[in-house]
1. Please state the shape class of the protein assembly as shown: rounded when a/c is under 1.5, otherwise prolate if a/b exceeds b/c and oblate if not, all from the C-alpha gyration tensor.
2. Ignoring GluC sites (Glu not before Pro) that are buried or in helix or strand per DSSP, and keeping those with at most 13 other beta carbon atoms within 10 Å, what is the longest stretch of chain B between them?
3. Rounding to the nearest 20 debye, state how big the charge dipole of the protein assembly as shown is about its Cα centre with +1 on each Lys and Arg Cβ and -1 on each Asp and Glu Cβ.
4. When a/c reaches 1.5 or more, the comparison of a/b and b/c decides; with that in mind, is the stretch B:1-72 rounded, prolate or oblate per its Cα gyration tensor?
5. Given Cα pairs under 8 Å that are at least 6 residues apart, what percent is the relative contact order of chain A?
6. Quick one: Karplus J couplings for the stretch A:122-127, per residue in order, coefficients 6.51, -1.76, 1.60, θ = phi - 60°, nearest Hz, x for Gly and Pro?
7. With just the Cα atoms defining each centre, how far is the stretch B:64-78 from the stretch A:1-62? Give it in Å.
8. Which pairs break 24 Å Cα to Cα here: A:K116/B:K4; A:K123/B:K10; A:K43/B:K10; A:K62/B:K10?
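Nothing in this text is a laboratory measurement; each read-out follows from the coordinates by a stated rule. Just so it is clear, the structure is predicted and the values come from calculations on it, not from any experiment. In this analysis, Cβ positions are derived from the backbone assuming ideal geometry, glycine residues included, and neighbour counts consider all displayed protein chains.
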Amino acid sequence: MTSIEISSIPLSVTDCYSMVSTPNGGGQAIFVGTVRNQTQKKKVLKLVFEAYTPMAIKEMQKIGLTLEERWGALKVVIHHRVGELLVGDIAVIIAVSTPHRAAAFEACQYAIDTLKETVPIWKKEFFEDGEIWVAAHP
Amino acid sequence: MRVKAFGIAKEILGNSSIYIEPNMVTTVRQLKDYLYERYPEMLHLKTMAIAVNQSYATDDTNLSEEAEIVIIPPVSGG
C-alpha cells in the first residue's frame, strides 16, 4: 500500500502513522519536515509551496516503488503540502513500514533525499525585506 | 507549441506559459537554447530541466505540438 498526496490542507502525522501501521511491520519510520523560523539568520515570515502536481505524483510514486523493491517496504506514505505555510507547519510527511528497523530508517532517508532532488515542487521563502525561490541560483 | 513553467521560471517568463511556433524548436536542446536566448535570466539558474509528458526529458528528446512541455527550474520541495 502506498499513499501519495499533494495536499492544500494541513497534513496529519496521526493519519500517516495509521496508514503505515501493519501487523507484519516491526518498524515504522516517520519523517516530518516543518517550516523553520529562519534561513541563514534571516527571519522567515512564511513559505509558499507550488507543485507541478501530476508529475510530482508520478515522481513520488517512483520513490514508493523503490522503497518496496530495495527495502521491502510494506507500506509507504508520502504526503506534501502546497500553498501558504507558516513557521511550525508541516511541509512533508514520509512514513514507511518495514519488517525490521534498519530498513525503515534507510528507506525513509532515501525517500526524503530523493524527493528533494527529483519531485517538481518549489518553495518560496518570504522575509521581512523580500522573498526568494529556494535553491534557484547557485 | 505551448510551454508551461513553474516557480522562478514562471516569474522569468512573466507568465505561466508561452507559445512557441513548433517549427522554431524541435528538440529539448533547441528549446533550452531558445529560452536562454530570449530569457537570459534562465542562464543564472542552478539547473533548468524540461519535462515532456510529465517525465524529465533528455536534450535529444523530440518535441511535438501535442506534448505537454514544462520548464522545471531547480526543485526545492521537502
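1. oblate
2. The answer is B:1-64.
3. 560 debye
4. rounded
5. That works out to 36 percent.
6. Couplings: 10, 10, 10, 9, 10, 10 Hz.
7. Value for the Cα centre distance between the two parts: 21 Å.
8. A:K43/B:K10; A:K62/B:K10
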